[in-house]
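Here the structure is laid out as structure tokens; the discussion comes afterwards.
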Amino acid sequence: MRQIWITRAGPPEVLQVQEAPDPEPEAGEVRIRVEASGINFADIMGRMGVYPDLPPIPVVPGYEVSGRVDALGGGVDDTWLGRDVIALTRFGGYADVVIVPVQQLFARPTNMSALQAAAFPVNYFTAWQLIAVMGGLKRGETVLIHSAGGGVGIAATQIAKHIGARVIGTASAAKHAELRSLGVDHLIDYRTEDFEERAREITGDRGVELILDAVGGESWKRGYRLLAPTGRLGMFGLSTIASGKQRNVLAMLGALTNTPWLQFNPLALMNANKGVFGVNLGHMWGEIDRMREWGDRLLELWGSGAIKPKIASSFRFDEAPQAHHFIQDRRNIGKVLLVP
Ligand SMILES: NC(=O)c1ccc[n+]([C@@H]2O[C@H](COP(=O)([O-])OP(=O)(O)OC[C@H]3O[C@@H](n4cnc5c(N)ncnc54)[C@H](OP(=O)(O)O)[C@@H]3O)[C@@H](O)[C@H]2O)c1
């Protein structure tokens, strides 16, 4: 098999393809011939050496694949053999062969392409947990989605529009026209505009009911201020520390300094009628049965046409460095994939 390794912490060029013998599935596992692997921003932060959840480098990153099951371990229902699947991987997804426990598999709908399938699990599960499970977004409410042009941002926009909420998105200016066509009602260029001020203008000074913020640092502080009564702030990443393409200690210190350590105390939350919560899908492995229910619900939404992964681009395995550059140069609108 071929795998893409993070050989050391550094710029995209540290990603290298290496060969290894094909692995064999053990009891309760299946082997998948991969057709596409999803790239997530966590892989980029892991490559830069600023993502604490990544196992020690050298490592094969990757949280999700699509492909076909070609071998079964003991005790696995043999109807899985030969099926097209979507799978969550606990790292190791940047490979053309992966082994996963059967609980992490979903049958791929016949009308979903292999590329769409690899773009599905992480982005939509994260967006679902933020919006439906923890954020409780309702029809008529306003949600502010940061990095609206990323994979999670587009998934979140589709789910929010399906619920009947109003979406304010922040994104680099070059992405605005396309994001508008994808359903974002109001766009803010958060790199040149003050998103708090603009969102106040848009909402007639009321603020918003839900914020999805994976930028972090000062953005959380300003977002908390922007919440309307009953507003909830969902924090799920810290992309502000990924400035440049290698570890940047100043950016990390800046984010730490600006994090609102003192803002969220229980009395202040009670008196302001506001909520804050965090999401980390990578810490949900103990809740796989719940995630399976979310997957089933999301696949129903796919079936009804309410959600549809948007593919920004796909790259061959030997182009993995270019794929990471593409995202870090802020060129993607939607999901970026690796294809063996
Ligand atoms: N906690 C979880 O379970 C979980 C799961 C998935 C993702 N996440 C987090 O959600 C965020 C988005 O992930 P994703 O997979 O949707 O991203 P993606 O598709 O790789 O796109 C990244 C987006 O982030 C924006 N961005 C913000 N800061 C950036 C930076 N320093 N460098 C490059 N782009 C930057 C870019 O938009 P603009 O050009 O418009 O700024 C871009 O659209 C990340 O912070 C990620 O860690 C968290």
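For this structure, a couple of remarks:
- Calculated mean residue ellipticity at 222 nm for the chain: -8500 deg cm²/dmol, from DSSP H runs with n ≥ 4 weighted as -39500 (n - 2.57), summed, divided by the residue count and rounded to 500.
- For region 222-235, 3J(HN,Hα) per residue [Karplus equation, 6.51 cos²θ - 1.76 cosθ + 1.60, θ = phi - 60°, Hz, x = Gly/Pro]: 6, x, 4, 4, 6, 5, 6, x, 6, x, 10, 9, x, 10
- Of the beta bridges in the chain, as assigned by DSSP with both residues counted there, near 55 percent are antiparallel.
- The Cα atoms of region 4-151 cover 50, 40, 24 Å along the three principal axes, with the biggest extent listed first.
- Kirkwood hydrodynamic radius of region 1-80, Cα pairs, Å: 14.1 Å
- Accessible heavy-atom area order of Met235, Met270, Met291, highest first, probe of 1.4 Å: Met270, Met235, Met291
- Scattering from region 126-198 was approximated by placing one identical point on each alpha carbon and applying the Debye formula without solvent; log10 I(q)/I(0) at 0.21 1/Å stands at -0.82.
- Taking a sphere under 13 Å around the Cβ of Gly164 and counting the other residues whose Cβ falls inside, with K and R at +1 and D and E at -1, yields a net charge of +1.
- Modelled label positions at Asp77 and Glu197, each set 7 Å beyond Cα in the direction of Cβ, lie 5.7 nm from each other.
- If you wrap region 80-210 in the convex hull of its Cα atoms and look at it from every side, the mean projected area works out to 9.8 nm².
- Relative contact order %, the chain, counting alpha carbon pairs below 8 Å whose residues are six or more apart: 18 percent
- Taking amide H as placed 1.01 Å from N in the peptide plane, Val97 has its amide H under 5 Å from the amide H of Arg2, Val34, each at least 5 places away in sequence or on another chain.
- The phi torsions of region 9-21, fed into the Karplus equation with coefficients 6.51, -1.76 and 1.60 and a -60° offset, translate into couplings of 5, x, x, x, 5, 6, 6, 9, 7, 9, 9, 8, x Hz, rounded to whole numbers, with Gly and Pro shown as x.
- Among the trypsin sites (Lys or Arg not before Pro) in region 1-105, those placed in a DSSP loop whose Cβ has at most 16 other Cβ atoms within 10 Å are Arg8, Arg83, Arg90.
- Computed over every Cα-Cα pair of the chain and binned at 20 Å starting from 0, the pair-distance distribution P(r) comes out as 31, 58, 11, 0 percent.
- For region 287-340, the set of trypsin sites (Lys or Arg not before Pro) satisfying both a DSSP loop assignment and a count of at most 16 other C-beta atoms within 10 Å is given as Arg330, Arg331.
- At 1.306 mPa s and 10 °C, Stokes D of region 273-340 from Kirkwood alpha-carbon radius, µm² per second: 106 µm²/s
- Proximal lysines to Lys138, defined as alpha-carbon separation beneath 28 angstrom and excluding residues fewer than eight positions away on the same chain: Lys161, Lys175, Lys221, Lys274, Lys308, Lys310, Lys335
- Test item: Cα-centred dipole of region 67-168, Lys/Arg +1 and Asp/Glu -1 on Cβ, debye: 500 debye
- If you wrap the Cα atoms of region 216-285 in a convex hull and average its projected area over all directions, you get 5.7 nm².
- Dipole magnitude of the chain about its Cα centre (Cβ charges: Lys, Arg +1; Asp, Glu -1), debye to nearest 20: 900 debye
- Shape of region 223-340, Cα gyration tensor, a/c cut at 1.5: oblate
- Accessible-area rank, largest first, for Glu29, Glu35: Glu35, Glu29, with all protein chains present and a 1.4 angstrom probe.
The values are calculated or read from the model by the stated rules, or taken from the named source; none is laboratory data. Nothing here was measured: the structure is a model prediction, and the numbers come from that model. All Cβ positions, even for glycine, are placed from backbone atoms using ideal geometry, and neighbour counts span all protein chains on display. Only protein heavy atoms, including side chains, enter the accessible area calculation; ligands, DNA and RNA are left aside. Shrake-Rupley method; radii C 1.70, N 1.55, O 1.52, S 1.80 Å.
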